[in-house]
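The values are calculated or read from the model by the stated rules, or taken from the named source; none is laboratory data. All values reported here derive from a predicted model rather than from experimental measurement. Neighbour counts run over all protein chains shown; Cβ positions are idealised from the backbone, glycine included. Quick note on the areas: whole protein, heavy atoms, side chains included, nothing else; ligands and nucleic acids left out. Shrake-Rupley method; radii C 1.70, N 1.55, O 1.52, S 1.80 Å.
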Amino acid sequence: MRKYGIEIAIGLVPIIIAFLIFIGQNVVPMLMLGVIGFAVVYAARGRGKLTAMTGQKQRTDVKSTPFTFEQIGGQERAKQELVEALDFLVHQDKIAKLGIRPLKGILLAGPPGTGKTLLAKAAAQYTDSIYLAASGSEFVEMYVGVGAGRVRDLFKEARTKANKAKKSSAVIFIDEIEVIGGKRDGGQQREYDQTLNQLLTEMDGIHANESPRILLIAATNRKEMLDSALLRPGRFDRHIGVELPDKKGRLHILNIHANNKPIEDGVDLDRIARESFGFSGAQLESVMNEAAIYAMRESREQIAENHLSMAIDKVMMGEKTDREATKEERERIALHELGHAIMAELVRPGSVSQVALSPRGQALGYVRHNPQQDQYLYTKDFLNGQIMIALGGAAAEEMFYGDRSTGSRGDFEQAMNIVKTLVESGLTDLGIIDASMMTKDVWALTNRTILDELMLQTKGMLESRRDVFTKSLETLLREETLSGDEFRTLFATNSAA
Ligand code: ATP
């Protein structure tokens, strides 16, 4: 009977209207009210359906994308910690016997593109669970209560899907958790509060002996922003750091993404791994992809080492642009870049990997450096050297033109960031200091003192190699790029002369 309720109601409406007209009633206001009411109800139901549908579309079922830990490069420690945590879910009986409370949430924290989503997918595969993914921003709506409703629906959907697939557990992955789980600021953002509260309520509602068991995995790039209520024991109490890969990890990731691509014999992926210091997994995947595109552009069947080098440049600095510089500009850019390169070779011999005069992204020319090995701790000397390499461009312009150009803006920003690191690490004459207590004036004075002193040293060192500029300039203007070895030959010949 309930099933046909709507049809019966729709059928009755015209009969009632006809009867009212027959007895002489004015039906216009009633009709208008009816139409408005119908529109409101229809829109609300339609919207609900729409969000549910789009939500479902975005959520991928693990069955269609099986993903294992073997397909994730590097991240050995993160993988190991995650597997240990997941064993709680896999060996539920043992855990229950010992009275250990269930693991409800795992937080993956680390820079973008390091494989957090991949780890969550692999976790679902490892635990033979249903996998549902959502992003923090999906829950944010202008209307209070909508986000909370979506959190409820997500948990409901996970349970239904797991039951349907006859799985005993479900993994819900929420990316960008900081969007809904940010520190609460006392009631201005009611919508965010309600969404977060709903998430906490759902987490509190997870019990050891329920079936299917829900495991929440969240990812963030900004762990320090998260509300402490989320991080307390019993909620996201497993924190796993997912860091940028070291050289071994980078090589592993490159090999994984080289698997489905034809690579020329003799290509030294180890060198590519060395040159891509600081790259995330996503950037390394992009290097492989861009290299394949370069090979295709040249109608080559296999990816060569120079395609990979070009791809590193592209990922690091953007695509080559068509900006045409004038002859005078080209010369100034060339001298500027040589200033960086000569300083780099003086401060860290053997570190220049390429000097280029071709515009890329925002840069008009660039020097690519080749870190000898991964480094995570820096001394004052090392950082001073980095500042001098950054100042080398402006110093060279001053040497040859007596003035500087806007081309040094980025270099100065870089130099000032290093000064900030020096101050915050207690490596300046200010001693060990809480940088947040420094006034703007003290900052300005510190910056000026350090940078002026290093600029002076830089100019002195470059002046003693003036001959390297003149000889290399010609070749650089002609060839547009100098490899590290070509540059070093010019550097050595000239300095010896
Ligand atoms: P975000 O914080 O921006 O959401 P994320 O850490 O979740 O990023 P993923 O989405 O997991 O990063 O990775 C993006 C892509 O980068 C993957 O699809 C994969 O191609 C590649 N990738 C990242 N890390 C790795 C890795 N460790 N091994 C293999 N591929 C990786």
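Some observations on this one:
- The stretch between Asp434 and Ile100, if pulled fully straight at 0.36 nm per residue, gains 116.0 nm over its current Cα-Cα span.
- Overall dimensions of the chain, expressed as equivalent-ellipsoid semi-axes from the Cα gyration tensor (√(5λ), whole Å, largest first), are 57, 29, 26.
- Computed over the chain: relative contact order in percent, which uses C-alpha pairs under 8 Å that are six or more apart: 12
- Inter-label distance, nm, simple model (7 Å from Cα along the C-beta direction), Tyr376/Asn289: 2.8
- Label separation (Phe19 vs Asn260): 6.6 nm, computed from points 7 Å beyond Cα along the C-beta direction.
- Neighbour cut-off at most 14 other Cβ (10 Å), DSSP loop, trypsin sites (Lys or Arg not before Pro), the stretch 63-112: Lys63
- Whether the stretch 327-494 is rounded, prolate or oblate, judged on the alpha carbon gyration tensor where a/c under 1.5 counts as rounded: prolate
- Kirkwood Rh in Å, taken over all unlike Cα pairs in the stretch 215-268: 14.7
- Phi to ³J(HN,Hα) by Karplus 6.51 cos²θ - 1.76 cosθ + 1.60 over the stretch 294-303, Hz, x for Gly, Pro: 4, 4, 5, 4, 8, 6, 9, 7, 10, 7
- Bridging of Lys97 to lysines at a Cα separation below 22 Å is possible for Lys167, once same-chain residues fewer than 8 apart are set aside.
- Derived scalar couplings ³J(HN,Hα) [the stretch 255-262; Karplus, 6.51 cos²θ - 1.76 cosθ + 1.60; whole Hz; x for Gly, Pro]: 5, 4, 7, 8, 3, 9, 10, x
- Estimated FRET transfer efficiency when R0 is 35 angstrom, pair Met317-Ser228 (beta carbons, to 0.05): 0.30
- Unit Cα scatterers, Debye sum, the stretch 212-322: log10 I(q)/I(0) for q = 0.10 Å⁻¹: -0.43
- Rounded, prolate or oblate (a/c below 1.5 giving rounded, otherwise prolate when a/b exceeds b/c) for the stretch 440-497 by Cα gyration tensor: prolate
- Pairwise Cα inverse-distance average, inverted: Kirkwood Rh of the stretch 270-329 (Å): 12.5
- Part-to-part distance (alpha-carbon centres) for the stretch 323-364 and the stretch 157-181, which is given in Å: 51
- Cα-Cα over 28 Å, subset of Lys161/Lys223; Lys248/Lys314; Lys320/Lys440; Lys183/Lys380; Lys156/Lys183; Lys116/Lys156: Lys161/Lys223; Lys320/Lys440; Lys183/Lys380
- Given charges at Cβ of Lys, Arg, Asp, Glu: the chain dipole, positive-most of Met203, Ser286, Thr160: Thr160
- If a spin label sat at a point 7 angstrom from the Cα of Asn197 along the line to its beta carbon, the backbone N atoms of the stretch 144-173 nearer than 14 Å would be those of 144-149.
- Value of relative contact order over the stretch 327-494, rounded to a whole percent, pairs C-alpha under 8 Å and six or more apart: 33
- Of the solvent-accessible surface of the stretch 69-241, computed with a 1.4 Å probe and all protein chains present, 51% belongs to carbon and sulfur.
- Surface accessible to a 1.4 Å probe, per residue, for the residues of the chain, Å²: 55
- Distance in nm between pseudo-label sites at Asp153 and Glu480 (7 Å out along the Cβ direction from Cα): 5.2
- Protection-proxy order for peptides 458-470, 397-409, 106-118, 351-363, each taking the mean of Cβ atoms within 10 Å per residue, highest first: 106-118, 351-363, 458-470, 397-409
- Cα-based equivalent ellipsoid, the stretch 95-141: semi-axes from gyration tensor eigenvalues, Å: 25, 15, 12
- The stretch 403-421 and the stretch 202-242 have Cα centres spaced 42 Å apart.
- Global form of the stretch 293-374, assessed from the alpha-carbon gyration tensor, a/c cut-off 1.5: oblate
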